[in-house]
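Everything below concerns the one structure shown next.
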Amino acid sequence: MIIGRPHLHYRQVDSTNERARQVAAGGAPDGTLVTAAEQTAGRGRQGRPWSTPAGSAVAWSVLIRRQVEIPGTLPLQVGTGVCDAVEALGASGVQMKWPNDIWIDGRKCAGILVEARPQDGWAVAGVGLNLSIEDDEFPEELRGRATSLGGGVTFTEAVAALNERVGRSIDRPVEETLAAFADRDGLRGRQVSWAEGQGTAVGIDPQGNLLVESTAGCIATLNAGEVHLSLPVDAA
């Protein structure tokens, strides 16, 4: 998939995903990219706020015009592509925490939000990537749990890497996506809990759902839209 033709860039915007949704409704083509150097009203999964401070992060959203299944593997395709981009920009120890966090050495450096309109044949995939936010600049509740790419990577370099790597990963067959995710699965083997129980994460199924094994040996299948996972404090 070719991303960035056309490319709409804002110095400041409320939400790149919201702008991408607007241009999608207006007939913009597949691969249309919306970026911003500062995002004031971004959001993550389940409506959580995601801020993009001016000059220290990237807000990036792409319009994908294809049939999207819910649940499905599109968030994993985007996420593994972001992992590839972050690694190409110099980071190591890059993993994906299902369903939408990107980790560097166990700390979140990026978040993903995929919003699909299956009835209209399109989806918007948004990425917020921290470039140079210092540890003491994060909100108190995120200190020690969030990080930045660092290394002097510029906004332009980060956007180019995301365009190339996410574009490539969106075109991966399902089997390759599942294998790519398995190599970067940050939850496998960890204890997780949710409203109905707790257990050990053991991977994902072909629909992109999380598989968790309980202490009784039963396998639970968790849909990203239905659960809020909790990890031990030192792993969250």
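Brief remarks on what is shown
- Residue match in the range 99-112 (condition: more than 25 Å from residue 190 (Cβ to Cβ) and either in a helix (DSSP H, G or I) or not hydrophobic (A, V, I, L, M, F, W, C) (or both)): no
- Looking only at the range 161-181, and only at residues there that are closer than 16 Å to residue 207 by Cα and of a type in the set (Gly, Ala, Ser), the one that is surrounded by the fewest Cβ atoms within 10 Å (Cβ to Cβ): 179
- Leading residue by the ranking (farthest from the chain's Cα centre (by Cα)) among those in the range 29-66 that are surrounded by fewer than 18 Cβ atoms within 10 Å (Cβ to Cβ), modelled with pLDDT of 80 or more and under 28 Å from residue 176 (Cβ atoms): 29
- Residue pairs meeting the criteria (Cβ under 7 Å; at least 6 apart or on separate chains; first within 10 Å of residue 83 (Cα to Cα) and surrounded by fewer than 23 Cβ atoms within 10 Å (Cβ to Cβ), in the range 93-110; second of a type outside the set (Asp, Glu) and at pLDDT below 90): 104/93; 104/147
- Pair list, Cβ < 7 Å and 6+ apart or interchain, from the range 6-30 residues that are farther than 22 Å from residue 156 by Cα to residues that are among the polar types (S, T, N, Q) and part of a loop (DSSP other than H, G, I, E, B): 23/32
- In the set (1) within 16 Å of the chain's Cα centre (by Cα); (2) loosely packed, with under 15 Cβ neighbours inside 10 Å; (3) in contact (Cβ under 8 Å) with a residue 40 or more places away in the chain, the condition left unmet by residue 69 is number (1).
The values are calculated or read from the model by the stated rules, or taken from the named source; none is laboratory data. No experiment lies behind these values; they were computed from the predicted model shown. All Cβ positions, glycine included, derive from the backbone under ideal geometry; neighbour counts span all protein chains shown.
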